[in-house]
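Structure, as structure tokens:
Each value in this text was obtained by applying a stated rule to the coordinates, not by laboratory testing. From a predicted model like this one, the values you see are computed outputs, not experimental measurements. Virtual Cβ from ideal backbone geometry, glycine too; neighbours counted across all protein chains shown.
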Amino acid sequence: MKKEKSCGAVIYRENDGIEILLLKHKNGGHWAFPKGHVEKKETEEETALREIREETGLKVKLDTGFRQAVSYSPKPGVWKDVVYFAAKCEQSKTTPQEEEVLELRWESPGLALGTVTYENDRKLLQAFLEYWEKKPKT
């Protein structure tokens, strides 16, 4: 079985609460979070930051205190591990990557839980929200 590894993040911004950035992928049209394949000798963190910048145009502050792995088989003969971090966004202008992204959307946690397409992503978002609730606010 072929193994693949990707890294990404649940990106959030704080206003009167938090909003979560969701990405609609061109490949499949599903709603999820920015992520992509590890290249060469990149660390997980470097991959996540690069993919976020490429897919959204955002520079974020990665929070490695939140690290969740999701595993699944995207197609027969392939097993994929995706490592997600939390990432705080301070800017508001997003630039979707035309080749891969149909739409970027900020949503409240409740709406985001209903928008994400896959159950794995819903569980990931729920884990992030529990982490964020317990995290000291700065």
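With 88, 59 as the choices, which residue is under 20 Å from residue 7 (Cβ atoms) and out of contact with any strand residue (DSSP E or B) (no Cβ under 8 Å at 6 or more places or on another chain)?
59
Tell me which residues, restricted to the range 1-17, are in a strand (DSSP E or B) and surrounded by fewer than 12 Cβ atoms within 10 Å (Cβ to Cβ).
Across the range 1-17, the qualifying residues are 2, 3.
Please determine, by comparing only the residues of the range 66-99 that are over 11 Å from residue 56 (Cα atoms) and among the basic types (Lys, Arg), which one is farthest from the chain's Cα centre (by Cα).
Of everything passing the filter in the range 66-99, 75 is farthest from the chain's Cα centre (by Cα).
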